[in-house]
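The values are calculated or read from the model by the stated rules, or taken from the named source; none is laboratory data. Small disclaimer: the values here were computed from a predicted structure and weren't measured. All Cβ positions, glycine included, derive from the backbone under ideal geometry; neighbour counts span all protein chains shown.
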Amino acid sequence: MKMLVQHNDGLDLQVYFPQGILAKYVQGIWIAAHQGVDINNVTRYLKANGCNAITFCLKGHIAFDSVKYTQGVYLQPATLQAKGMTFSSNTLAVGVCLQPGAMSLFSTLPNEVTCAGKTPSLSACFEMLQTAHTPYALLTCLYRHFMSIFAQTADFNPTLLRVLPYFSEPKSLQSIAAGLPVGQRQLERVFKQAMGITAKQYQRIVRVNKAVQYLKCNPLVSLTAVAYEFGYSDQAHMTREFKSFTHYTPRYYIRD
């Protein structure tokens, strides 16, 4: 797995990006530990990515947009705006960001953050995680548990899997549907049923995320040029979309 490690404000955050079979179902796994009782709460903003997530709060409490949640397993809906996630002092939590449509393997799509205490496979995973005492043990537990779940399931929503690659290009829904064996209405219905968001909303999220990656690789580029490159009407339009989906402006991603 590829790994990203951050340590600031008293929060140790490790993000892992699966490869191989697990990457088909999981975008990323994160482990967050906020140590000490005299340290202020720490907030991190989660980019909107149009996908569902599962969070295990193992110790202390976490908050999604100021709503507090104690120990347990929580299902998160696909988000259309950046969400603030706050960790209290002495908190340990881990999370799994799923690929588009993968939540259907565990539950119906949640409309809000929902406790998953009655989902047997996730409750069993929570109990195993509570016995793990190091980041490596937590990661190993998650990896083995989710691999065992996915090994017993068929592909989720084959229609969705077939159409997702077509959203990497800045095309209209009509143009995308024209190149597929499904009509535009069916395409929109597939997205709403499998992901809880519309195809148009997913397009906007993909465009912002691709622009973010472009800026990280090209820090000297003109923001106006990037805006037009990715189909925004102007730089102000791009900035509004960035603020909505990532919480940050485009300049945040080209800072030293």
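Per the listing A225, A199, the residue uniquely under 27 Å from S104 (Cβ atoms) and either acidic (D, E) or not assigned by TED's automatic domain parsing to the domain that holds G84 (or both) is A199.
Yes/no matrix, rows are residues, columns are (1) of a type in the set (S, T, N, Q); (2) under 24 Å from the mean Cα position of the chain (by Cα):
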{"site": "A132", "(1), (2)": "no, yes"}
{"site": "S148", "(1), (2)": "yes, yes"}
{"site": "L164", "(1), (2)": "no, yes"}
{"site": "L173", "(1), (2)": "no, yes"}
{"site": "F191", "(1), (2)": "no, yes"}
{"site": "A199", "(1), (2)": "no, yes"}
{"site": "A225", "(1), (2)": "no, no"}
{"site": "Q235", "(1), (2)": "yes, no"}
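For region 122-129, the criterion of being surrounded by 21 or more Cβ atoms within 10 Å (Cβ to Cβ) and of a type in the set (S, T, Y) is satisfied by no residue at all. Set side by side, the residues N40, N52 differ, and just one is under 23 Å from Y248 (Cβ atoms) and out of contact with any helix residue (DSSP H, G or I) (no Cβ under 9 Å at 6 or more places or on another chain), which is N40. Looking across region 179-192, the residues that are surrounded by fewer than 16 Cβ atoms within 10 Å (Cβ to Cβ) and modelled with pLDDT of 85 or more come down to R185, Q186, R189, K192.
Listed by position, the strands (runs of 3 or more DSSP E) enclosed by region 1-51 that each have at least 2 residues that are surrounded by fewer than 18 Cβ atoms within 10 Å (Cβ to Cβ) and modelled with pLDDT of 85 or more are 11-17, 42-46. Does T108 count as part of a loop (DSSP other than H, G, I, E, B) and either at pLDDT 90 or above or not assigned by TED's automatic domain parsing to the domain that holds G50 (or both)? No. Of all the numbered requirements in (1) surrounded by 14 or more Cβ atoms within 10 Å (Cβ to Cβ); (2) in contact with a helix residue (DSSP H, G or I) (Cβ under 9 Å, 6 or more places away or on another chain); (3) in contact (Cβ under 8 Å) with a residue 60 or more places away in the chain, G231 misses one, and that requirement is (1).
This table checks each residue for (1) acidic (D, E); (2) more than 22 Å from K192 (Cβ to Cβ).
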| residue | (1), (2) |
| --- | --- |
| K68 | no, yes |
| Q71 | no, yes |
| M85 | no, yes |
| A93 | no, yes |
| G101 | no, no |
| S107 | no, no |
| E112 | yes, no |
| G117 | no, yes |
| P120 | no, yes |
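In region 162-173, is there at least one residue being β-branched (V, I, T) and in a helix (DSSP H, G or I)? Yes, there is a match, as at least one residue in region 162-173 is β-branched (V, I, T) and in a helix (DSSP H, G or I). State whether the residues of region 159-176 include one that is touching a residue at least 60 places away in the same chain (Cβ under 8 Å), touching an Asp or Glu at 6+ places or on another chain (Cβ under 8 Å) and within 23 Å of Q99 (Cβ to Cβ). Yes: region 159-176 contains one or more residues that are touching a residue at least 60 places away in the same chain (Cβ under 8 Å), touching an Asp or Glu at 6+ places or on another chain (Cβ under 8 Å) and within 23 Å of Q99 (Cβ to Cβ).
Among the residues of region 157-194, count how many are under 30 Å from E127 (Cβ atoms) and in contact with a Leu (Cβ under 6 Å, 6 or more places away or on another chain). Spell out the reasoning first.
Kept after step one, since they are under 30 Å from E127 (Cβ atoms), are these residues of region 157-194: 157, 194.
This time we only want the ones that are in contact with a Leu (Cβ under 6 Å, 6 or more places away or on another chain), so: 194.
Number of matching residues: 1.
The set of residues in region 61-105 that are among the β-branched types (V, I, T), modelled with pLDDT of 90 or more and surrounded by 17 or more Cβ atoms within 10 Å (Cβ to Cβ) comprises I62, V73, T86, T91, V94, V96.
Assessment of region 206-222 against the conditions (modelled with pLDDT under 90 and touching a Gly at 6+ places or on another chain (Cβ under 9 Å)) yields no matching residue.
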